1. Step through the residues of region 80-95 one at a time and calculate ³J(HN,Hα) from phi using the Karplus curve (6.51 cos²θ - 1.76 cosθ + 1.60, θ = phi - 60°), rounding each to whole Hz and writing x for Gly and Pro.
2. At 7 Å along Cα-to-Cβ for each site, give me the label-to-label distance between Arg78 and Asn56 in nm.
3. When ranked by the protection proxy of mean other Cβ atoms within 10 Å per residue, highest first, what sequence do the peptides 55-61, 30-36 form?
4. Going by average Cβ density within 10 Å per residue, which order do the peptides 41-54, 82-95 take, highest to lowest?
5. How large is the convex hull of the C-alpha atoms of region 13-81 per residue, in Å³?
6. I'd like the antiparallel share, as a percent to the nearest 5, of DSSP beta bridges with both residues in region 9-129.
7. What FRET efficiency would be calculated for the residue pair Asp114, Trp89, taking the C-beta separation as r and a Förster radius of 35 Å, to the nearest 0.05?
8. May I ask you to order 1-14, 66-79 by the average number of other C-beta atoms within 10 Å around their residues, highest value first?
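Any read-out appearing in this document is the output of simple, stated calculations on the displayed coordinates, not a laboratory observation. None of these values were measured; they are calculated from a predicted model. So basically every Cβ, Gly included, is an ideal-geometry build from the backbone, and we count neighbours across all protein chains shown.
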Amino acid sequence: MVKTILGNRFIPQHPTPKQLEFLLYDDEEARYGGAVGGGKSSALLMAALQYVQEPNYAALLLRRTYADLSLPDALMPRAEEWLGGMAHWHDNTKTWTFPSGATLTFGYLETERDRAWEALGGRQRKTPENDQPGKKTRQAYEMADGN
Ligand SMILES: Nc1ncnc2c1ncn2[C@@H]1O[C@H](COP(=O)(O)OP(=O)(O)O)[C@@H](O)[C@H]1O
Ligand SMILES: [Mg+2]
């Protein structure tokens, strides 16, 4: 599994031990906290890129607002830095397509139902960036899920 990270040409940063622990964690849900600048956003991007060599793989990275995705140190510009020239960017769908056919899409909370996710997710700590999804109930997952 380490090969999906260290041998991955789409991941230019060498993970810290904490990032590596997150990337190798094999379960459905993980919470990754820590100070601003601690490497959470890079860890998320690395995680999304771990399996882009697989043709049918599709990753979705969500932020609360478009600004949270697009500000200078946020995920979209970082992905541009990492992937520019190696994968194809579709601006209308905010999706990177990889040579394998795999995709990485960025999304944000736009609709009332999207906001229900947050409302039901309990009080989130307000930090400059919110990497933490907060405490989510099963109901919140169901409301935020699908059409
Ligand atoms: N493993 C790493 N190697 C090199 N630079 C890193 C690594 N992880 C993060 N960075 C850089 O450090 C800075 C802060 O990381 P970031 O992921 O934005 O932290 P956080 O999201 O926790 O605030 C960013 O410029 C990022 O590109
Ligand atoms: Mg961050």
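1. 4, 4, 6, 10, x, x, 10, 9, 10, 9, 10, 5, 5, 9, 6, 10
2. Here the modelled spin labels are 3.0 nm apart.
3. Working: 55-61: 14.1, 30-36: 11.7.
Packing order, densest peptide first, comes out as 55-61, 30-36.
4. Numbers: 41-54: 20.6, 82-95: 13.2.
The peptides rank, most packed first, as 41-54, 82-95.
5. On the way: hull volume 8.1 nm³, N = 69.
Normalising the Cα hull of region 13-81 by residue number yields 117 Å³.
6. Numbers: 6 of 13 bridges.
Approximately 45 percent, going by the DSSP bridge assignments.
7. Details: r = 23 Å, r/R0 = 0.67.
Working from the Cβ atoms, E equals 0.90.
8. Ranked from most to least packed, the peptides come out as 66-79, 1-14.
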